[in-house]
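What follows is a single structure, written as C-alpha cells, with notes after it.
The values are calculated or read from the model by the stated rules, or taken from the named source; none is laboratory data. Computed from a prediction, not measured in an experiment: that's the story for all the values here. All Cβ positions, glycine included, derive from the backbone under ideal geometry; neighbour counts span all protein chains shown. Accessible surface areas use protein heavy atoms only, side chains included; no ligands, DNA or RNA. Shrake-Rupley method; radii C 1.70, N 1.55, O 1.52, S 1.80 Å.
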Amino acid sequence: MFTSNTHHALVKTAPGETRPLTILIWIIAGFGAYWFLPWFALEYGLFDATIEEYLASLGWKTRPLTLTVPVFLALFIPFAWPWLPLKRLGWVYTLFASAGIGLIFLDFIRTGEAMGFSAAVVVMALAAIFAIGIAKIGFQRGDSFISGAVVFVIFMVLVFIFYPVIKIFNQVLISRDGSFAPFQFFRILTSFGVSRVVFNTLVLAISVGAATTLFGLIFALYAVRATTRLRYAVRILYILPIITPPFVVGMSLILLFGRAGMVNDVLMFLFGPTGIFTAAGSEGIFERSGYIYGFTGIFLAQTLSLTPISYMLLSGMISTINPSMEEASLTMRASRWLTLRNVTLPLIRPGIANAFLLGMISSAADFGNPLVLGGEYDVLSTEIYFSIAGAQLDFGKASTLGLILLFLSLAVFMIQKRWVGQTSYVTVTGIQTAGNVTPLPKRMQQLFTVFISVWLVLVGVLYFSIFLGGFVKQWGADYSLTIAHHRELWMHGFASGGWPSLKNSLGYSFIAAPFTTMMGVLIAYIVTRKQFWGRGVIDFGTVLIFAIPGTVIGVAYILAFNTPPVELTGTAIILIITMAIRAMPVGIRGGMSALSQISPSLEEASLLQRAGSAKTIRSVLMPILRPTIVSSMAYSFIRSMTTVSAVIFLATAGTNVATTYILSRVESGDTGVAVAYGSVLIFTMLCFTFLVQALTGRSRVEKQVKTQ
Amino acid sequence: MEKADSIKIRLKNVSKHFGAVKALDQITIEFAPGTMTTLLGPSGCGKTTLLRLISGLETVTSGEIWFGGENVAELSATRRDVGMVFQSYALFPHMTVERNVGYGLRVLKTDPSEVSERVGQALKMVNLDGYQKRHPDELSGGQQQRVAVARAMVLKPKVLLFDEPLSNIDSKLRRSMRDDIRMLQKSSGITSVYVTHDQAEALAVSDEVIVINEGKIEQQGPPKSLYHLPQTAFVANFIGESNVIDATLEKDGNSKWVVLGDTRVQLPKGKKVPAQEGPIKISLRPEMVHIKSESKSSMAIEGIISQSAYMGPVMEYSIDTKVGSLFTRAPAYQEQYQPDDKVYLHIHPEELIVIPDAG
C-alpha cells in the first residue's frame, strides 16, 4: 500500500488521500482572497460599493500581521519539508488551520467589525486545510473527502443552527436595557397574555392534529381502497394545498366567509334582516359578522392545508400492509368492516400517531393563517412576530416566546421519534404475496364518497374564488371584472409591481434547491453510513433542523446575523440560507430513505476497486440517487417558494419575496392585488409540478413528498 | 380433533380472466372428500389463482364451484367456511397467539370460555399449547406457521387451503412440518387443497396431484402414477428428474422395440405405446439407469463421463452418449467414475417411461 509512516509530498497518493496540488490550490485561494477580496463587509454589498469603499474594506492598513503568519507557514511546509511523516504533516495543517480560524474570529469579535467575502473565503480555505489535516492524522481513515464533508456539515450546523439558537437563549437572559436578567424569562412567562397565547396555541394544535389525522385517514382509505372513480380525483387533487402558500387558503376563506364574503352575502340575502326568507319586521336569523375570524377560521384553514400531508403519510402506510393479513381475517368469517377495525387500523396505528403529532407541530408552526385569520385569537407564532414587527421591538419577549415554541416543537418531535419510531407493525417482508387489497365496507364507502365530494367541492370553490378574486374590482362591493389588479402587478415594467418579488422568489428558491438537496443528501449519507467523533453535533443539529419552527428561525437569524461578526441581514444570502434550512428536512429525509434501500455493499465494492469516497459517491451512488435528488430539488423549490414564517422577518424592501409581498398587500388592505398575485403564484407552482412530474415520471414527486 | 363430515369439492368449467389474460380456462376438477390434493406447477401457471378461487378471495369469471351440494361461486370468502394457511403466515402482529387463533371464534360471537378451550385444543394439536400469551414476533418461523395452521383449523372449516405454506421455512424443518400438516389433515378428515411448486413436497404430502401448466391441467392422479406414468413431456420433466430422449418405436409382429441410438430395447408386453411406429419420446429417471464399466447386456448405452460430482450419499454424473447428454445418479459406495471414463448405461425395459403425448 502507499500509505506508510514516511511520506514524500510528491509521491503518488493513496485513493482518498489528498494530492498536494489540491492543498496548494486551497492555500492559494485563501491567500488570494486574503489580499484581494474585501476583508470587512461592504456597507452596500459588492455591486453597489464605490472604489474607495472597496479599497478601504480590503483592510490592508489595519491588517494584523499575526494572521499572515499561519497562512505563509502552511504554504511552505510540504515543500520545504518533503520528508515529513504523514501524521506530522496532518498535525501541522490541523493546528495552523485551526489557529488561523480562531484568530480571525477573535479579531472580528474584538474589533466589532463585520466579516467580508475575503474573511469568509479564507475561513473556508483554512477549514478545508483543517479537514485535510485531520484526515492525514487518521480521521475517517485518511479519506479527506468524507473528512471535508463532515467538517463542512458541522461548520454549517454550528454557524447556521447552533449559533442563532444560542443567540436566542442569550437574548432571553438579557433584558431590554442590556443588563443580565435571568428572571426575565419567568416574568414574561407568567405575564397574563403569554399563558393565554400558549393555551391558544396548544388547543389549536391538538384540534388541528386530530382533525387532519381523521380526515387524512378517510382520504387515505378512500384513495387506496375505494372502488369508485372519485378515488382518482383524490390522488390527483391532494397536491393542491401543498403547492399553495399556506395563508392563501386562509385568504380564500375570507373571500367566501369574511364580512364581505360571497357566501356571507348569499346568507344575508336569504336569511338576513332584509333577506327574502325573513318575515317582515323580524331581525332575520343571520347577521353579517366576522365569524370566520378567530379559532374557527384558523382551524378550518389549517385543516384544509394540512390534511394532504396526513393523507400522504397514511396512504403510504396503508399501501404497505401485507394483503394476506386482511384476507386471513376474511376467511375467518370477519366482514370487511370487522377486518378494517380489528386488523387494518391497528396495523397503521403508528402512522396515525405520527400523523397526529405532525399535524400538531405544523399547526403550531403555522404563521400565515393565524396572521390573516386570527382576529382576536393570538397564537405563539403571531405573538412572536408582533413583538418584533410592531412598535414593541421587544427581543426579550420574542425570544422567550420563541423558546417556548421551540421546546413545544422539540417535545412533540421527540415523542414522535421515540414512540412512533419503535413500534412499526408494517414491515416489508420482501415475500411476494399474491393478494388483493380489501375494498372498503359498502356503507362506509358511500359515506366517504359524500364527505369527500363535499370537501373537494369546497376546495374547488376556494381555489376558484382565489382566481376569480384577482379579476374582481372590489370583492364584497363591486363584482365587476377587471384586470386592474393584474395590470398593476405585471404591466408596469419589470422593476415594479410584482416582478421584483417574484424574480427574487424564483431566484432564491432556484439557488437554494440544489444547495439544500446536496447538503441534505450529504448529511443523510454521513449519518447513515459513517461513524465518527462529532457525530452527535450533526445528529442534534438535524433534530433542530426538523423541529425548529419558521418564526423561531426568523427571530434567531435576526439576532445572530444582524450584528457582527457575521452580518447578513438585508442580503439575499440570508434569505437563500433561510430557505435552504427550511427545506433541508426534505433533502435529509429523502436521502435517508433512499440510502436505506441501497445496500452498503455497493460502496464497498467500489472502494475495493480502488476508488476513493468522492469517486464512489459520484459514480455509484449519485446515479442511483438521481431520482431522489431530482424530486428532492423539486419539492425543496416548492417549499422555498411558499415559505413565509421565517422570511417575513428577514425580507427587506430590496430582497422582498412573493409571499411577503402578498402579505404586505393584505395588511394594507389591497385584497384584490394580493389575491391576484396569489393566484399567479399557485398557477406557477402547478405548472412547475406538472413539468417535473412529466419529466421524471409521476411517482417521483409523490414518493418524495410521501417521505415527509 | 374429531373427524368432520368431509365434503366433495367440484369445479365445473371454471375460468378466470384478468382483462385479456386467461389465467384459467374451463377447468373441471373433482376433489374427493377427506383427501389432500396438491396443485403443482411452475410460477405463474395459475395454481395460486385456482386456490384463491376456491377460497373466495377471487371470484370466477365463469363456472361453478360446489362444496358438497352447494354452489358457492357467488359467496365471498367470509361466507364460504374455508380455512386458509398463507405463505407469509399472515399472523396478526398486534395480537397474541391466543387472540390470533381465537379470532374467528370471536367474530362468530362464541362464548369466551369455549373460545379459550377450543384455542387450547387447536394449539395442542400443533404442539404449541402454552404459547397463548406470546406474540408472533416472539416465535420462530416454524412456530408461526403452526399457529397459522391451528388458526385455520379451529373453526372446523369445510375446506382447508394451503398456499405454499413451507416456502419460507428452513429446508431442514420442512420435512417435519410437511409430515405434521399431512397428519393433521388426515386425522381431521377435512378436504384440503395444497399449492406448491416443489414437486417432492407434492409427492410426499398428497393423495392426488394435479399438474398445471399455463392455466390448463396437464395430468391428475395419485403421486405414483404421475411419477411412473407421466402423460406428457412436461409432466415427465416437472415431476422428479428425467432424461427425455428422442427414440424410435419399432413393431415386430407382437413385440415392441425402442431404438435409442445404437441400442435396441425390447419393451415388456404390458407397456402402453402409441399405435404407430415412428419417433417417440422416452423418459429415463436418473436412478433407473445403472452404470457399469463394462457392457453386461445388449441393452446398454455406451457413453463417456463428462462431469462427476460427489454429493455425499450419491455420485451424480453427466454422460455424453449418442442419444444426448444423460444425467444419472449412483450410490457413492459403488465405484466412483471420473470425467473421461468410458461407461455403459444399463436400462431395465420395465423402467422405461414412454411418453404418450410427443408434444
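Let a ≥ b ≥ c be the square roots of the eigenvalues of the Cα gyration tensor of the protein assembly as shown; is it rounded (a/c under 1.5), or, if not, prolate (a/b larger than b/c) or oblate? List each step's numbers first, then the result.
On the way: a/c = 2.70, a/b = 1.56, b/c = 1.73.
It comes out oblate by the Cα gyration axes.
What nm distance separates the two modelled labels at B:Ser140 and B:Thr59, each placed 7 Å from Cα along Cα→Cβ?
Reported label-point gap for B:Ser140 and B:Thr59 is 4.4 nm.
After finding the eigenvalues of the alpha carbon gyration tensor for segment A:579-655, what semi-axes result from the square roots of 5 times each, listed largest first in whole Å? Can you show the working numbers first?
Values: eigenvalues 238, 31, 17 Å².
Gyration-tensor ellipsoid for segment A:579-655: 34, 12, 9 Å.
PRE reach from B:His348 (point 7 Å along Cα→Cβ): which of segment B:297-326 fall under 19 Å by backbone N?
B:297-301
Please report the spacing between the Cα centers of segment A:322-378 and segment B:169-199 in Å, no decimals.
Between the Cα centres of segment A:322-378 and segment B:169-199 lies a distance of 40 Å.
Which residue, A:Asn562, A:Leu607, A:Phe546, has the largest displacement toward the positive end of the dipole of segment A:517-618 when charges sit on each Cβ (Lys, Arg +1; Asp, Glu -1)?
A:Leu607
Would you mind giving the mean number of other chain beta-carbons within 10 Å of the Cβ of each residue in B:144-151, as a whole number?
On the way: counts 0, 0, 0, 0, 2, 0, 0, 3.
Taking all residues of B:144-151 together, the mean is 1.
What fraction of the DSSP beta bridges in chain B is antiparallel, stated in percent and rounded to the nearest 5?
Details: 63 of 82 bridges.
Of those bridges, close to 75 percent are antiparallel.
Check the straight Cα-Cα distances from B:Lys342 and name the lysines below 20 Å, setting aside those fewer than 8 residues away within the same chain.
Of all the lysines, those that pass the test against B:Lys342 - Cα under 20 Å, at least 8 places apart if same chain - are B:Lys292, B:Lys296, B:Lys322.
Suppose R0 equals 30 Å; then what is the FRET efficiency for B:Ser297 and B:Lys186 from their Cβ-Cβ distance, rounded to the nearest 0.05? All intermediate terms of the calculation are to be shown ahead of the outcome.
Numbers: r = 44 Å, r/R0 = 1.45.
E(calc), rounded to 0.05, equals 0.10.
Could you calculate the contour length gain from A:Asn562 to A:Phe464, that is, 0.36 nm times the residue separation minus the distance between their Cα atoms, to one decimal place in nm? Walk me through the numbers on the way to the answer.
On the way: separation 98, 0.36 × 98 = 35.28 nm, distance 4.13 nm.
Between A:Asn562 and A:Phe464, full extension yields an extra 31.1 nm.
Rounded, prolate or oblate: which fits segment A:460-599 when a ≥ b ≥ c are the square roots of the eigenvalues of the alpha-carbon gyration tensor, with rounded for a/c under 1.5 and prolate only if a/b beats b/c? It would help to have the intermediate numbers written out before the result.
Details: a/c = 2.84, a/b = 1.96, b/c = 1.45.
Prolate is the answer for segment A:460-599, as a/c is 1.5 or above and a/b outweighs b/c.
Could you check the spin-label model distance between B:Ala200 and A:Phe105? Points 7 Å from the Cα along Cα→Cβ, value in nm.
6.7 nm
May I ask you to find the residues of segment A:289-336 that are shielded by at least 30 Å² of accessible area once the whole protein assembly is considered instead of their isolated chain (probe 1.4 Å)?
Buried on complex formation: A:Ser324, A:Met325, A:Glu327, A:Ala328, A:Leu330, A:Thr331, A:Met332, A:Arg333.
For peptide B:81-87, what's the mean number of Cβ atoms from other chains within 10 Å of each residue's Cβ?
Numbers: counts 2, 3, 3, 6, 2, 11, 6.
Neighbouring Cβ atoms belonging to other protein chains average 5 per residue here.
How high is the FRET efficiency between A:Asn436 and B:Thr96 when r is their beta carbon distance and R₀ equals 22 Å, given to the nearest 0.05?
Working: r = 28 Å, r/R0 = 1.25.
Plugging the Cβ-Cβ distance into 1/(1 + (r/R0)^6) gives 0.20.
Output wanted: per-residue J couplings in Hz (rounded whole) for segment A:351-362, from phi through Karplus 6.51 cos²θ - 1.76 cosθ + 1.60, θ = phi - 60°, x for Gly and Pro.
x, 5, 4, 4, 4, 4, 5, 4, x, 4, 4, 5
Using a 1.4 Å probe and counting only protein heavy atoms, how much accessible surface gets buried when A and B come together, both sides summed, in Å² to the nearest 100?
Working: alone 32780 and 17410 Å², together 48000 Å².
Rounded to the nearest hundred, the buried surface is 2200 Å².
Show me, for segment B:309-324, the HN-Hα J-couplings you get by feeding each phi into the Karplus relation (A = 6.51, B = -1.76, C = 1.60, θ = phi - 60°), rounded to Hz, glycine and proline as x.
10, 8, 10, x, x, 10, 9, 10, 10, 9, 10, 7, 10, 5, 9, x
Taking the Cα of B:Asp341, stepping 7 Å toward and past its beta carbon, and measuring to each backbone N in segment B:265-308: which are under 14 Å?
Correct set: B:290-295, B:303-308.
So for each of B:157-165, A:221-229 I average, over its residues, the number of other beta carbons within 10 Å; can you give me the resulting order with the highest mean first?
Values: B:157-165: 23.9, A:221-229: 18.1.
Result, highest mean Cβ count within 10 Å first: B:157-165, A:221-229.
Ranked highest first by the average count of other Cβ atoms within 10 Å around their residues, in what order do A:238-251, B:247-260, A:497-510 fall?
Answer by packing, highest mean first, reads A:238-251, A:497-510, B:247-260.
Show me the ranking of peptides A:669-682, A:547-560 by mean Cβ neighbours inside 10 Å, starting with the highest.
Working: A:669-682: 22.4, A:547-560: 26.0.
Most protected by this proxy first, the peptides run A:547-560, A:669-682.
On a 30 Å Cα-Cα criterion, which of the cross-link pairs B:Lys22/B:Lys109; B:Lys172/B:Lys272; A:Lys442/B:Lys109; A:Lys503/A:Lys615 come out too long?
Going by Cα-Cα distance, B:Lys22/B:Lys109; B:Lys172/B:Lys272; A:Lys503/A:Lys615 fall outside the 30 Å limit.
Under a crude label model (7 Å from the Cα following the beta-carbon direction), how far is A:Leu270 from A:Ile415 in nanometres?
4.0 nm
For chain B, what does the relative contact order come out to in percent, with C-alpha contacts under 8 Å and a separation of six or more? Numbers along the way, then the final one.
Values: 760 pairs, mean separation 58.6, N = 359.
With pairs under 8 Å counted, the relative contact order is 16 percent.
Average partner chain C-beta neighbours within 10 Å, per residue of B:107-115?
On the way: counts 8, 3, 0, 0, 0, 0, 0, 0, 0.
Mean inter-chain Cβ contacts per residue within 10 Å come to 1.
Relative to the present Cα-Cα distance, how much length would full extension add between A:Ile28 and A:Ser191 at 0.36 nm per residue of separation?
53.0 nm
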